[in-house]
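Here is the structure we will look at.
The values are calculated or read from the model by the stated rules, or taken from the named source; none is laboratory data. Just so you know, these numbers come straight off a predicted model, no measurement behind them. Glycine also receives a Cβ, built like all others from the backbone with ideal geometry; neighbour counts cover every protein chain displayed. Just the protein is used for accessible areas: all its heavy atoms, side chains included, with ligands, DNA and RNA removed. Shrake-Rupley method; radii C 1.70, N 1.55, O 1.52, S 1.80 Å.
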Amino acid sequence: MGRMCLNAFLLSLFLGGMGFAAERVFVDEVGRRVSVPEYPHRIISLSPSITEILFSLGLEERIVGVSNHSDFPPRALAKPRVGSYINPSVERTISLNPDLIVATAAGNPREFVERMESLGLTVYTVYPKDFDGILRSISHIAAIAGVEHSGARVVGEMRRRKRRILELTRDRPRPMVFLQIGTTPIVTVGKGSFADDLISLAGGRNIAGGEPVKYPRYSIEEILVKAPDVVIITSMDPRGNSQKLAEGWKRWKTIPAVKRGRVFVIDSDLVDLPSPRIIEGLETIAGILHPEIRGMLRSQ
Amino acid sequence: MIVTPKRIITICSLLFCLLLGVILVSLSVGAAELGSAQVVRVLIQGAIHPGIPVGPEGIIILSVRFPRILLAGLVGAALAVAGCCFQALLRNPLADPYILGVSSGSALGAVSAILVGLSTASFGMPLASFCGAIFTVVLVFHVGKVGTGLHTNTLLLAGVIISAFFSAIIMFLISVAQNEDLSKIVFWLMGDFSFSNYHLILIVLPYIMGGTGVIYSYARGFNLMVMGEETAVQLGVDVERLKRMAYILASLITAAAVSVCGLIGFVGLIIPHSVRMLFGPDHRLLIPASALMGASFLIGSDTIARTIAAPTELPVGAVTATFGAPFFIYLLKRRKV
Amino acid sequence: MASIDVREVFFRYTDHWVIEDLSLRVEGGEFWGVIGPNGSGKTTLLRLLYGFLNPQRGTVFIDGGELGRMKRSDIAKKVAVVPQEHQINFPFTSLEVVLMGRSPYLGRLQFENSGDFRIAEWAMGLTDTLRFSGRPINELSGGERQRVFIARALAQEPQIILFDEPTSNLDINHQVEFYDLINRLNLEKKLTILVVSHDINLASEYCRKILLLKGGRIFKMGSPREVVAAEYISQAYGSRVLVDENPLTGSPRITLLRKDAPEGEKPETKGEW
C-alpha cells in the first residue's frame with residue numbers, strides 16, 4: 001500500500017512535470033477535487049459524447065485516446081481506442097500516458113475512476129442530467145482544457161438556438177408525445193433522461209414523463225389509453241429501418257398519432273447523447289411537434 | 001500408479017513450474033504492448049528497489065496485471081479443490097462446486113447489492129455475495145439433512161431446488177434493473193477480474209489456503225468415501241463428520257472465490273477430471289495437483305479474456321465455458337458407462 | 001480367533017422394529033450363513049455387527065469388546081466387510097483398492113510403507129488377483145471385482161469377515177469359486193465368517209451353522225440339517241419347498257415348488273438311484 005502511494009505520487013510528478021508544475025484545482029461534477037495541469041495535451045475521453053465535445057472545442061490534436069464507439073465526428077475513428085465505456089481498459093489507458101482523463105458518471109464505472117485516481121492519474125468526471133446540464137459540462141470541459149473561448153462559442157450558439165425554439169413554441173398547443181427507444185420490449189423515456197427534457201423544451205408533453213426511471217418499460221395498453229398525438233421512434237440507423245419501425249405502429253389505428261400519420265423516426269444520437277448535437281435533436285423534435293415552425297429552425 | 005510422497009512432490013513441482021511459466025507469460029501480454037524483457041526488468045527492479053518509481057509500464061505490471069494474475073490463480077485453485085471435494089462428497093466425478101446452490105446464493109447477494117447501491121462501498125460486493133453464499137449453504141445443509149446425517153441425494157435435490165428458486169428471484173431483480181446496474185450485473189455473472197487488487201487477495205487468501213489445507217489433511221478419507229459410505233465406515237472413517245466437513249469447507253472456499261470475481265464455471269468440473277485422467281483418482285495427489293492446474297488454467301483463461309479482443313475485455317466465464325463445454329462433451333462420450 | 005456376541009439387540013430405522021430382541025453367539029472360527037426373506041433384517045443385522053448402525057437397545061460385543069465404545073479404526077482392525085457387488089465411478093487400480101484395507105492402521109497423514117505393500121500382495125496372491133494390480137477397478141468383471149474386495153478385506157488383517165450377498169451378481173462358476181475360497185480362509189486362517197445370502201443351497205452346502213431370520217427375529221438357528229427343513233423354510237419364506245439331500249455331499253438342498261405341484265409326495269432318495 002505504501003509502495004503504491006509512493007509510486008502514484010512520483011508518477012504524477014513525472015507526468016505533471018512534462019510541461020511546467022503549474023496546476024489548477026477544480027471541483028468536478030460529482031464533487032471531487034481535481035488537480036488539472038495548465039495545458040493538458042494528452043487527453044483521454046471515456047465516452048463517445050465526451051469525444052464529440054472535445055472535438056467541437058477544437059481539441060482534436062490533444063486527444064490521445066477515446067472510448068470504443070467514438071465515431072463522431074468521423075475523424076474520431078482515427079484515435080486509439082481504450083475500451084468500451086462500461087468497461088474501459090485499465091492497461092490501455094495507463095499506457096497512453098494521459099495527463100487528463102474525462103469520464104462521465106452516467107456510464108463509466110465508478111471503480112475505474114477511483115482506480116485511475118489511486119494510480120495518480122487526473123480524472124475529471126462530468127454528470128449532465130438534462131439539456132442545461134450538457135451546456136454546463138461543455139463549459140467545464142472547455143475550462144479545464146484551457147479553451148474557455150471555444151467553450152463560450154459552442155455553448156452560446158446552443159443557447160441561442162434553444163431560446164429561439166422556446167420563443168416560437170411558447171404560445172402553441174402542446175401535443176402529447178410518445179418517444180420509443182426500444183421495440184421489444186417497448187421502452188420509452190422517463191424523468192431524468194435527456195429526451196424527456198427535450199420534449200418539454202420543444203413544447204410537447206411526454207406521456208411517460210411521470211415515470212421515475214430514465215428508461216421505463218411501457219405496455220401498449222398504456223399507450224392506447226394515453227393516446228399520444230405524436231409518436232417518435234429513435235433508431236441507430238434511421239434511414240435504414242425507418243419504414244419497418246413505422247410499420248409496427250400501423251395496427252393501432254385508434255392512436256391519434258397513427259390516425260394522422262404523425263409517426264416519425266429520428267437518429268438516436270441526436271436525443272440520447274449529452275453532446276453538442278443535442279441541439280439538433282431539440283430542433284428536430286420541435287420541428288416534428290410544430291411543423292409550422294420548421295422552416296424557421298436551423299437544422300431542418 | 002501408486003501415490004507415494006515422492007510422486008506427489010515430483011508431479012506438483014512440475015505443475016508448479018508450469019504455473020510459473022503461465023504467470024510470466026501472462027505478465028508480458030495485455031492490452032498495453034510490453035515486451036517480456038521489460039517485464040523481467042520491472043520485476044527485478046521492483047524486487048530489489050521497492051521504492052523507486054517504475055513509470056507506466058511498472059504500474060501496469062505491478063499494480064494492474066500482477067494482482068489480477070495472483071487473484072485468478074487463487075480463485076482457480078479454490079474452485080478446482082472445491083470441485084474435487086464435491087465430486088468426492090457426491091461420489092460423482094461430474095459434479096461441480098456450484099451444484100449445491102452456492103452460485104445462485106452468491107449471485108443473489110451480488111445482484112441485490114448492485115441494486116441497493118452497495119456495490120460502490122469498497123467491500124460491498126464481495127461481502128454481500130459471500131453472505132448470500134453462506135446463507136444458501138446453511139439453508140441447503142438444513143434442508144438436505146436426514147435425521148442427523150447428510151444424505152447425498154437429498155442434499156443434491158435441496159441444492160437444485162434452492163438454486164432454481166434463487167434464480168427466479170434474480171431474474172425478477174434483473175427485470176427491474178436499470179441500464180447502468182444491468183451491465184454491472186451481467187459482468188459479475190460472467191466472471192470479472194478487472195478490479196483485482198492486493199487488498200482483495202489478502203482478504204480471501206486465509207479462507208482459501210486454510211480451507212484447502214484442512215481438506216487436504218482428509219485426503220485419504222476422501223479416497224475411502226468415494227468407494228461407498230459403508231465401505232468407508234467399515235474401513236474406519238467417521239463418514240458423517242467427513243461429509244459435513246467437506247461440505248462446509250468446500251462451500252466456504254467456493255463462496256470466498258466467487259465473492260471476489262463473480263461466477264466462473266467449468267473450472268471446478270474439468271480440472272479435477274483432467275487431473276484424474278492424467279494422474280489417477282487418489283486424492284492425496286488429486287487435490288494439490290488440481291489446485292496447481294486450476295490456478296494455471298484460470299490465469300491462462302483470464303489472460304486470453306483480456307488480450308484476445310483488446311482493448312475490449314471478454315468475460316472470463318465465457319472463455320472457461322468455451323474450453324469447458326466441448327471438453328465436457330468429450331468426457332461424457334468417453335465414459336464407459 | 002474372535003467371537004461375536006449379540007445380546008438382546010433391538011433396532012429400528014423409523015417406527016417399527018427391524019431387529020427385535022435378537023441374541024446370538026458366534027464362536028471364533030465359525031462359518032455362519034444368514035438367510036431369510038427380504039425385509040427379515042439380514043442386512044441390518046450385518047450393519048449392526050460392524051458398527052455402521054447402533055442398536056437402540058442391547059449390545060454387540062466383538063471379541064469381548066463392546067462395539068459401541070470402540071473406535072472406528074479399532075473395529076476395522078477386527079472386522080472386515082465385503083460389500084455387495086457394485087459399480088465404482090472412480091478409476092482406482094486394484095492394488096490401490098486393496099491398499100485401502102490398510103487404512104485402519106495408518107494415521108491420517110501417514111502413507112503406506114513397504115510392510116503395507118507386502119500385506120496387500122499377500123492378500124492379492126490368496127485371492128488370485130495379482131494380475132489385476134494395475135488395472136482400474138471399474139474395468140474388471142463382477143467376479144474379479146468381488147475378489148479384489150475380498151483381498152481388501154484380508155489386507156485389513158481382520159479376525160472376522162462379514163459378507164453381504166456376495167454371490168448375487170455372479171455366474172454359477174464364480175459362485176462356487178467364491179465359497180471355496182471363503183471355506184479355505186475359514187479353515188486355514190481360522191477367520192470367523194458370516195455370510196448373508198439369498199442362496200439357501202450354497203449356504204447350506206458350505207456353512208457350518210445357519211441362522212434363519214424372519215421379521216427381525218431368529219426363526220431357527222443351528223446346523224444346516226437342523227435349519228434347512230421344509231417346515232421352517234416354507235414357514236419363514238411363505239412358499240412351498242421340497243427339501244432333500246444333495247446326492248453327492250448329503251447337505252440339505254431345497255427345491256422350489258410351483259403353486260400347482262401335486263401335494264406331499266416325495267420319493268425316497270436316500271442312497272437310491
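Of everything in the range C:105-116 that's open to solvent by less than 50 Å² (accessible area, probe 1.4 Å) and within 10 Å of chain B (Cβ to nearest Cβ), which residue is nearest to the chain's Cα centre (by Cα)? So the residue we want is C:Leu106.
Could you please find all residues in the range C:75-85 being part of a loop (DSSP other than H, G, I, E, B) and either at the interface with another protein chain (Cβ under 7 Å from one of its Cβ atoms) or crowded, with 21+ Cβ neighbours inside 10 Å (or both)? Spell out how you get there, then give the answer.
Initially, the range C:75-85 is screened for residues part of a loop (DSSP other than H, G, I, E, B), giving C:83-85.
Passing the criteria: only C:Pro83.
Highlighted here are the helices (runs of 4 or more DSSP H) found entirely within the range B:80-199 that include at least 2 residues which are within 27 Å of B:Val64 (Cα to Cα) and more than 14 Å from chain A (Cβ to nearest Cβ): B:102-116, B:124-144. Restricting the range B:304-337 to residues that are within 19 Å of B:Arg68 (Cβ to Cβ), more than 16 Å from the chain's Cα centre (by Cα) and of a type in the set (Ser, Thr, Tyr), the residue that is nearest to the other protein chains (Cβ to nearest Cβ) is B:Thr312. When the range C:128-143 is filtered for residues that are assigned to a loop (DSSP other than H, G, I, E, B) and either surrounded by fewer than 22 Cβ atoms within 10 Å (Cβ to Cβ) or within 8 Å of chain B (Cβ to nearest Cβ) (or both), the ones remaining, listed by number, are C:Asp128, C:Ser133, C:Gly134, C:Arg135, C:Leu140, C:Ser141.
Could you identify the single residue in C:Asp74, C:Asp5, C:Asp21, C:Asp15 that is out of contact with any helix residue (DSSP H, G or I) (no Cβ under 6 Å at 6 or more places or on another chain), charged (D, E, K, R) and at positive phi? Even if it seems obvious, please write down each step before you answer.
Values: C:Asp74 fails: at positive phi; C:Asp5 fails: at positive phi; C:Asp15 fails: at positive phi.
Within the list C:Asp74, C:Asp5, C:Asp21, C:Asp15, the selection yields C:Asp21.
Kindly check whether there is at least one residue in the range A:234-254 that is touching a Phe, Trp or Tyr at 6+ places or on another chain (Cβ under 8 Å) and at pLDDT 90 or above. Checked the range A:234-254: no residue is touching a Phe, Trp or Tyr at 6+ places or on another chain (Cβ under 8 Å) and at pLDDT 90 or above. Filtering the range B:277-300 for residues that are surrounded by fewer than 22 Cβ atoms within 10 Å (Cβ to Cβ) and either within 14 Å of chain A (Cβ to nearest Cβ) or at pLDDT below 90 (or both) leaves a non-empty set. Each residue in the range A:21-54 was checked for being free of Cβ contacts under 8 Å to residues at least 60 places away in the same chain and either open to solvent by 60 Å² or more (accessible area, probe 1.4 Å) or out of contact with any strand residue (DSSP E or B) (no Cβ under 8 Å at 6 or more places or on another chain) (or both), and 8 of them qualify.
Listed residues B:Thr320, B:Thr307, B:Thr312; which is without any contact (Cβ under 8 Å) to a residue 24 or more places away in the chain, among the hydroxyl-bearing types (Ser, Thr, Tyr) and within 25 Å of A:Pro88 (Cα to Cα)? So that I can check it myself, show each step before the final result.
Details: B:Thr320 fails: without any contact (Cβ under 8 Å) to a residue 24 or more places away in the chain; B:Thr307 fails: without any contact (Cβ under 8 Å) to a residue 24 or more places away in the chain.
Every option except B:Thr312 fails the conditions.
Got a number for residues in the range A:131-151 being touching a residue at least 40 places away in the same chain (Cβ under 8 Å) and either open to solvent by less than 10 Å² (accessible area, probe 1.4 Å) or hydroxyl-bearing (Ser, Thr, Tyr) (or both)? Write out each step before concluding.
Filtering the range A:131-151 down to residues touching a residue at least 40 places away in the same chain (Cβ under 8 Å) leaves A:131, A:133-134, A:136-138, A:140-147, A:150-151.
Okay, now just the ones that are also either open to solvent by less than 10 Å² (accessible area, probe 1.4 Å) or hydroxyl-bearing (Ser, Thr, Tyr) (or both), so A:131, A:133-134, A:137-138, A:141-142, A:144-145, A:150-151.
Qualifying residue count, the range A:131-151: 11.
For the range C:44-71, which positions are under 14 Å from C:Trp17 (Cα atoms) and surrounded by 15 or more Cβ atoms within 10 Å (Cβ to Cβ)? Matches in the range C:44-71: C:Thr44, C:Leu45, C:Leu48, C:Leu53, C:Pro55, C:Gly58.
Screening C:Pro55 on (1) of a type outside the set (A, V, I, L, M, F, W, C); (2) within 14 Å of chain B (Cβ to nearest Cβ); (3) touching a strand residue (DSSP E or B) at 6+ places or on another chain (Cβ under 6 Å) shows it passes everything except condition (2).
Let's see how each residue does on (1) facing chain B (nearest Cβ under 8 Å); (2) open to solvent by less than 40 Å² (accessible area, probe 1.4 Å); (3) charged (D, E, K, R):
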| position | (1), (2), (3) |
| --- | --- |
| A:Phe72 | no, no, no |
| A:Pro98 | no, yes, no |
| A:Arg110 | yes, no, yes |
| A:Arg115 | yes, yes, yes |
| A:Thr122 | no, yes, no |
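Note on the range A:152-184: residues that are within 18 Å of A:Ile255 (Cα to Cα), surrounded by 14 or more Cβ atoms within 10 Å (Cβ to Cβ) and not hydrophobic (A, V, I, L, M, F, W, C) total 3. The residue pairs whose first member lies in the range C:100-122 and is in a loop (DSSP other than H, G, I, E, B), whose second member is acidic (Asp, Glu), and whose beta carbons are closer than 9 Å, counting only pairs six or more residues apart or on different chains, are C:Leu106/C:Glu112; C:Leu106/C:Asp116. A count restricted to the range A:74-96 and to residues that are within 7 Å of another protein chain (Cβ to nearest Cβ) and either open to solvent by less than 30 Å² (accessible area, probe 1.4 Å) or over 10 Å from A:Leu46 (Cα atoms) (or both) stands at 10. For the range B:12-56, a residue qualifies if it is at the interface with chain A (Cβ under 9 Å from one of its Cβ atoms) and either among the charged types (D, E, K, R) or farther than 18 Å from B:Asp302 by Cα (or both), and the qualifying residues are B:Glu33, B:Gly46, B:Pro50, B:Gly51, B:Ile52, B:Pro53, B:Val54, B:Gly55, B:Pro56.
Output yes when any residue across the range B:228-237 is within 14 Å of chain C (Cβ to nearest Cβ), open to solvent by less than 50 Å² (accessible area, probe 1.4 Å) and in contact with a strand residue (DSSP E or B) (Cβ under 6 Å, 6 or more places away or on another chain), and no when none is.
Yes, the conditions are met somewhere in the range B:228-237.
The single condition among (1) part of a loop (DSSP other than H, G, I, E, B); (2) within 21 Å of the chain's Cα centre (by Cα) that C:Asp15 does not satisfy is (2).
So for the range B:320-327 (the condition being in contact with a helix residue (DSSP H, G or I) (Cβ under 8 Å, 6 or more places away or on another chain), open to solvent by less than 30 Å² (accessible area, probe 1.4 Å), under 22 Å from B:Val186 (Cα atoms) and assigned to a helix (DSSP H, G or I)), does at least one residue qualify?
yes
When A:Leu179 is tested against (1) more than 30 Å from B:Val176 (Cα to Cα); (2) touching a residue at least 40 places away in the same chain (Cβ under 8 Å), just one condition goes unmet, and that condition is (1).
Scanning the range A:183-203 for residues that are closer than 18 Å to A:Glu222 by Cα and either aromatic (Phe, Trp, Tyr) or touching a residue at least 24 places away in the same chain (Cβ under 8 Å) (or both) gives A:Thr183, A:Pro185, A:Ile186, A:Val187, A:Thr188, A:Val189, A:Gly190. For the criterion of being away from chain A (no Cβ under 14 Å), in contact with a Pro (Cβ under 8 Å, 6 or more places away or on another chain), in a helix (DSSP H, G or I) and not hydrophobic (A, V, I, L, M, F, W, C), B:Ser274 fails.
With respect to the stated conditions, B:Ile59 fails to be open to solvent by less than 80 Å² (accessible area, probe 1.4 Å), away from chain A (no Cβ under 14 Å), part of a helix (DSSP H, G or I) and of a type outside the set (S, T, N, Q).
Where helices (runs of 4 or more DSSP H) fall entirely within the range C:190-273, those with at least 1 residues that are buried (at least 16 other Cβ atoms within 10 Å of the Cβ) and at pLDDT below 90 are at C:230-237.
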